[in-house]
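The values are calculated or read from the model by the stated rules, or taken from the named source; none is laboratory data. Every value quoted in this text rests on a predicted model; they were computed, and no experiment measured them. Because the Cβ atoms are built from the backbone with ideal geometry, glycine has one as well, and the counts that use them run over all protein chains shown. Accessible surface areas use protein heavy atoms only, side chains included; no ligands, DNA or RNA. Shrake-Rupley method; radii C 1.70, N 1.55, O 1.52, S 1.80 Å.
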Amino acid sequence: LISKYQLERVNCDEKIPFYLELVGAIDKREPILGISRDVIHPLTSFEQAQHILNQLSEQGINNIKLKYSGWLSGGLNHNYPAKAWVEKALGGIESLQKLIGFMDNQDCELYPSVGFLHVYRNSQSSGFSPRKDASRLLNRLVARAYQYRLDIFERKEQHYSYVLSPSRLDQVVDLFLANYQKLDLTNISLFDMAREVNSDYIDDAKRMVDREQSLGIIESQFKKMKNMDMKIMVDHGNGYAIPYADSIINMPTYGSSYHIVDEEIPFYHIVVHGFVDYAGKPFNLSSNIQDDFLRMLETGGYPYFIGSYQESFEVKDTKFAHLYALHYGDWIELAADIYQAANKVLKDVQAQRIVDHKKLMDNVYQTTYENGKTIIINYNRQSVNVYNQIIDGQDFIVMEGMVYEN
């Protein structure tokens, strides 16, 4: 990867990155004149985003990389992105420009989020036609991605998005970027382009697009944005995105848990550390924060939180109920504690490669960097003795000057 794509080491800042995702607007079903309708409901306006950033700064959190979701017209499940229409419920273009200026003064980075591979809203004026622009399944039917109930895995027939044909992707991205640049935005967060690759089995040999062809189309979009000197944040981070991504969030940090697997090896993290900054899942949505904190240290990731200005109950009974702990006031102190602890451990290895990772005993792992810094994690509930040092249960130690023996 390094030789093929001329990957360069990341810049070492005084403090490690802090990844923050703010949810702008969602669609919510509300009664309008006695009739139930979907309306755009703001969770974090552009002005409120500044307030949250100020609060984080007062808590000692710096080097913030902000992914702003739901800023486009339509909210999280935004309209067909043929243009970069700003959601008016969040304050409009003028308020967005103020946020951009504020973040530049704070030396933070803004990454407005957009998804190109799915179409969540369809109207005659959007420019999208399912018959002409959507992918086709093997049976030639229009491809739809459905939401499912997690308890019984029943498909929600009314909750779906169309899968955009890869043959339309280049045109849509060009139209969007032409409008996007007018907003003086130089960074972008791509929600789905590094997460999935879709085919189009349309009943026409000349127009059919297989997965390899689709991959080539997606890579060309990354190259296009890089040629425009854009910094790119991606979710999940399939391998083809590594040469183009400046940040990867929601990177998997756990294995599949299949019984055939004996050990989970953080291979991806070992490969990219020092070349791409990354983070796992949001801490405030974690079911075991201490385990996830230790896993972050083991894999060399950075803190990541997702939040909103409005209270968390605002997503209840919506399509976004899985975002159940959003309100920033509920997790800001936790974020400050995690950030300060992680910064002490990881600030001097930001551009260092991981040169060794090994299992020392059951649930005890060691990660070693180029400069000899070693982090030893104990996931056990009880303390263990490693190198004549006691590591408490669910804790870690840092050792300097370890020599790596190949």
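When the chain is treated as a Gaussian network with alpha carbon springs shorter than 10 Å, the biggest mean-square fluctuation among G329, G280, G75 belongs to G329. Kirkwood Rh over Cα pairs of the range 37-124 into Stokes-Einstein at 4 °C, 1.567 mPa s: D in µm²/s? D, rounded to a whole number, is 93 µm²/s.
Rolling a 1.4 angstrom probe over the range 310-406 with all protein chains present gives an accessible area of which 44% lies on carbon and sulfur atoms.
Think of a 1.4 Å ball rolled over the protein heavy atoms: the range 250-406 then has 49 Å² of accessible area per residue.
Mind running the shape call on the range 1-154? Use the C-alpha gyration tensor, a ≥ b ≥ c as the square roots of the eigenvalues: rounded below 1.5 for a/c, prolate if a/b tops b/c, oblate otherwise. Intermediate values should be presented prior to the final figure.
Details: a/c = 2.05, a/b = 1.34, b/c = 1.53.
Oblate, since a/c reaches 1.5 and b/c is not below a/b.
Distance between the modelled labels on K132 and K4, one decimal in nanometres: 3.8 nm (7 Å Cα→Cβ projection).
With the helix formula -39500 (n - 2.57) applied to DSSP H stretches of n ≥ 4, the chain reaches a computed 222 nm mean residue ellipticity of -8000 deg cm²/dmol. Comparing K316, K344, K206 in a Gaussian network model of the chain, where Cα atoms under 10 Å apart are tied by springs, the biggest mean-square fluctuation is seen for K206. Solvent-accessible area assigned to carbon and sulfur over the range 79-126 amounts to 45 percent, based on a 1.4 Å probe.
Its alpha carbons considered, the range 99-211 gives a radius of gyration followed by a Dmax of 17.1, 54 Å.
Modelled this way, with points 7 Å down the Cα-to-C-beta line, the labels at A205 and H159 are 4.3 nm from one another. Computed over protein heavy atoms with a 1.4 Å probe, the carbon and sulfur contribution to the accessible area of the range 133-215 reaches 49%.
Here the Gaussian network model covers the chain, with springs between Cα atoms less than 10 Å apart; of S383, S125, S45, S125 fluctuates the most.
Calculated FRET efficiency, K224 to I100, Cβ-Cβ distance, R0 = 22 Å: about 0.50 to the nearest 0.05.
For the modelled label position 7 Å from the Cα of D184 along Cα-to-Cβ, which residues of the range 85-101 have backbone nitrogen atoms closer than 19 Å? The answer is 85-87, 91-101, whose backbone nitrogens lie closer than 19 Å to the label point. Computed over every Cα-Cα pair of the chain and binned at 10 Å starting from 0, the pair-distance distribution P(r) comes out as 4, 20, 30, 26, 14, 4, 1, 0 percent. Annotation: amide H of R29 within the under-5 Å range of V39, sequence separation 5 or more or interchain, hydrogens built in the peptide plane.
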